[in-house]
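Data block below; observations after.
The values are calculated or read from the model by the stated rules, or taken from the named source; none is laboratory data. Remember, predicted model here, so these are calculated numbers, not experimental data. All Cβ positions, even for glycine, are placed from backbone atoms using ideal geometry, and neighbour counts span all protein chains on display. Only protein heavy atoms, including side chains, enter the accessible area calculation; ligands, DNA and RNA are left aside. Shrake-Rupley method; radii C 1.70, N 1.55, O 1.52, S 1.80 Å.
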Amino acid sequence: MEGIEIAMLGVALAVGLAGSGSAIGIGIVGQSACGLISEDPDKFGQTLLLQALPGTQGIYGLLVGFLIMQDIGIVGEELVELTVWQGYAFLMAALPIAIAGFSSGIYQGRVLASSINLIAKRPEEMGKGIVYAVMVETYAVFALLATILMLFGIDL
Amino acid sequence: MLIDDTIYGYAVARVKAMETHLLDQGQFERMINSSTTEEALKVLSETGYSAAVAELDDVHNFETILADELSYIFNIVLKISPIPELIGMLALRYDIHNLKVLFKAKFLGVKSDLFIPAGSMDLSKLENAVSEDNFLLLPEKLRRAANAINEDFMINRDPQIIDLILDRVLYDQLIDAAREHNAPFLEGLFVRQIDLTNLKTLIRVKRMGLSRDFLARVLLPNGTLAVDRLAAMIEEPLESLISMLAISDYADLVGEGVREWSEKGSASTLEKLSDDYITTYLKEGKWVPFGVEPLVGYLWAKEIEIKNIRIVLVGKINRLPAESIRERIRDAYI
């Protein structure tokens with residue numbers, strides 16, 4: 001493998017895994033939301049907001065994917081010649097958001113499904129349900145931070 | 001697997017939304033404090049029962065409302081449950097209830113309409129089977145139980161055997177089903193119900209003055225209280241039952257319920273405390289986000305609500321004082 005291919009694997013993992021985490025998380029919340037809406041359609045707006053929250057991990061993953069693609073010239077004028085070691089550096093940098101994005105997306109979805117149960121009984125407490133989900137979000141943000149710091153540290 | 005249990009998301013959220021429609025303490029208070037049955041029904045007509053109450057022609061027929069509501073709710077929960085077998089096994093309780101009613105009606109010659117049309121078996125099929133003594137259409141275990149009841153009644157002419165035999169089939173099958181589907185929460189529920197049934201059987205048999213052998217035969221297996229220890233209690237005064245269970249979960253319930261029973265001869269306090277005990281157990285699973293627990297809890301909550309409505313309406317029809325209605329009202333699940 002050349003360096004460029006290894007870096008592309010990093011792009012694929014960041015976008016693919018973090019996106020999967022979001023997709024699963026949103027899917028979990030969606031199931032719960034349907035259960036609530038079938039009894040109480042007026043809460044559609046609230047449930048939609050809750051359902052959107054696990055989407056951020058996918059966005060972080062895509063952001064990282066774009067940053068790497070820009071660095072290595074996939075989007076842009078021309079491909080950058082990468083050594084194998086530079087390729088590995090991009091792959092490693094992509095891993096934090098890939099891993100934490102996947103797991104935090106799923107667990108955030110689980111918390112939010114419980115928040116759906118919460119607003120089924122106490123719609124006025126939706127804010128607290130969101131706060132619990134944001135606690136999970138913290139670790140996706142930390143992973144994104146680590147990934148970006150690592151990317152900036154790569155010398156081309 | 002990591003995400004497997006999320007198949008319960010839809011059902012649990014829906015049940016949580018349905019829980020908000022359960023009657024609350026305030027509504028029951030208003031029903032209890034109303035001066036007439038009609039007034040109590042008026043409170044009911046402001047709730048989810050409004051359509052059914054509007055169609056009610058005679059107050060004394062309120063049982064049909066309650067039975068319809070229970071089977072309506074049961075069928076919804078069964079339909080939305082991602083593993084229908086776990087809820088489906090609970091339908092056996094209604095089949096057994098209906099069989100009890102049918103047998104009692106047959107042996108005692110009274111007509112009854114206290115059926116719960118939520119069982120797994122067609123009610124008219126059950127009716128025919130009992131009236132014609134032909135149980136071929138019933139599942140094997142029920143068939144054997146029904147035949148046993150018929151044979152025993154021919155010899156002993158004692159209708160109490162109906163409950164004893166049918167309860168045994170019921171709980172044997174429920175425990176088997178819970179183990180087969182690996183449902184520890186349901187098994188825990190059944191084990192507790194077995195214990196409570198055994199305690200009531202013990203006191204009942206003791207008051208009837210029957211033998212220890214008889215008691216040992218009718219106590220249900222699979223409970224946490226050993227059958228032989230319970231059977232030995234028949235030769236002791238009731239107070240020693242209280243001290244035997246003093247360190248068990250059943251201490252409060254037995255202490256208060258049994259004392260009331262031996263003093264006043266009324267089982268109603270023990271019945272109420274037993275129901276409250278099950279409610280407390282089911283509340284432990286109330287906030288499980290993905291699992292069968294909230295579904296079972298909601299079904300129980302509905303049964304308790306229906307029981308409470310019945311207590312209030314029967315009390316109002318019989319002009320009982322508010323206080324004696326209030327002390328029979330079961331604790332709410334919500």
Query - Residue-count net charge about B:LEU170 - beta-carbon cut-off 13 Å; Lys, Arg +1, Asp, Glu -1 - result: -1
Report summary line: Rg/Rh of region B:253-334 (Cα atoms, Kirkwood Rh), to two decimals, equals 1.05
Query - Solvent-accessible area lost in complex, 10 Å² minimum, residues of region A:1-45 relative to chain alone, 1.4 Å - result: A:ILE24, A:ILE28, A:GLN31, A:SER32, A:CYS34, A:GLY35, A:LEU36, A:SER38, A:GLU39
Report summary line: Helix-only [θ] at 222 nm, chain B, -39500 (n - 2.57) per DSSP H run of 4+, per residue, nearest 500, equals -21500 deg cm²/dmol
Report summary line: Applying the gyration tensor rule to the Cα atoms of region B:138-282 (axes a ≥ b ≥ c; rounded if a/c under 1.5, else prolate if a/b exceeds b/c, else oblate), the class is oblate
Report task. Assuming a ≥ b ≥ c are the square roots of the Cα gyration tensor eigenvalues, decide whether chain B counts as rounded (a/c under 1.5), prolate (otherwise, with a/b larger than b/c) or oblate. Result -> rounded
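Full-extension gain between B:SER266 and B:HIS181, please, as 0.36 nm times their residue separation minus the C-alpha to C-alpha distance.
Numbers: separation 85, 0.36 × 85 = 30.60 nm, distance 3.82 nm.
Taking 0.36 nm per residue and subtracting the Cα distance, the gain is 26.8 nm.
For the interface of A with B, what's the total buried accessible surface in square angstrom, probe 1.4 angstrom, rounded to the nearest hundred?
Values: alone 8360 and 16440 Å², together 23180 Å².
Rounded to the nearest hundred, the buried surface is 1600 Å².
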Report summary line: For peptide B:16-29, the mean count of other chain Cβ atoms within 10 Å per residue Cβ is 3
Query raised in the report: Once fully extended, how much extra length lies between A:ASP155 and A:ILE74, figured as 0.36 nm per residue of separation less the alpha-carbon to alpha-carbon distance?
Result: 27.4 nm
Query raised in the report: Of B:ILE87, B:ILE155, B:ILE194, which is the most mobile in a GNM of chain B whose springs link Cα atoms less than 10 angstrom apart?
Result: B:ILE155
Query raised in the report: Per-residue HN-Hα couplings for region A:138-147, Karplus 6.51 cos²θ - 1.76 cosθ + 1.60 at θ = phi - 60°, whole Hz, x for Gly and Pro?
Result: 2, 7, 5, 5, 4, 5, 4, 4, 4, 4
Report task. Using Cα centres only, tell me the gap between region A:86-156 and region B:211-245 in whole Å. Result -> 57
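Keeping every protein chain present and rolling a 1.4 Å probe, give me the accessible area per residue for region A:31-156 in Å².
Values: 6370 Å² over 126 residues.
Accessible area per residue: 51 Å².
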Query raised in the report: How much area per residue is accessible in chain B when the probe is 1.4 Å and only protein heavy atoms are counted (Å²)?
Result: 47
**Report entry** ³J(HN,Hα) computed for each position of region B:271-287 - Karplus, 6.51 cos²θ - 1.76 cosθ + 1.60, integer Hz, glycine/proline x
**Finding:** 4, 5, 5, 4, 4, 5, 5, 5, 4, 4, 4, 5, 4, 4, x, 5, 9
Report summary line: The pairs in B:LYS125/B:LYS316; B:LYS42/B:LYS79; B:LYS100/B:LYS272 lying past 24 Å Cα-Cα in this model are B:LYS125/B:LYS316; B:LYS42/B:LYS79
Report summary line: Partner shielding of B:289-296, as the mean number of partner chain Cβ atoms within 10 Å, equals 2
Report summary line: In chain B the accessible area split gives carbon plus sulfur, as whole percent at 1.4 Å, a share of 51
Query raised in the report: How would you classify region B:21-132 from its alpha-carbon gyration tensor, with a ≥ b ≥ c the square roots of the eigenvalues: rounded for a/c under 1.5, else prolate if a/b is greater than b/c, otherwise oblate?
Result: oblate
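At 10 °C and a viscosity of 1.306 mPa s, what translational diffusion coefficient does Stokes-Einstein give for region A:16-156, taking Rh as the Kirkwood radius over Cα pairs? Give it in µm²/s as a whole number.
Numbers: Rh = 16.1 Å.
In µm²/s, the coefficient rounds to 99.
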Query raised in the report: On average, how many beta carbons from a partner chain sit within 10 Å of the beta carbon of a residue in A:108-118?
Result: 5
Query raised in the report: For region A:59-131, what % of the accessible area comes from carbon and sulfur atoms, probe 1.4 Å?
Result: 67
**Report entry** Cross-link partners of A:LYS128 among lysines (Cα-Cα below 18 Å; sequence separation of 8 or more within a chain)
**Finding:** A:LYS43, B:LYS16
Report task. Enumerate the calculated ³J(HN,Hα) couplings along region A:97-109 in order (Karplus 6.51 cos²θ - 1.76 cosθ + 1.60, θ = phi - 60°), each rounded to whole Hz, writing x wherever the residue is Gly or Pro. Result -> 6, 5, 6, 5, x, 5, 6, 5, x, 5, 6, 5, x
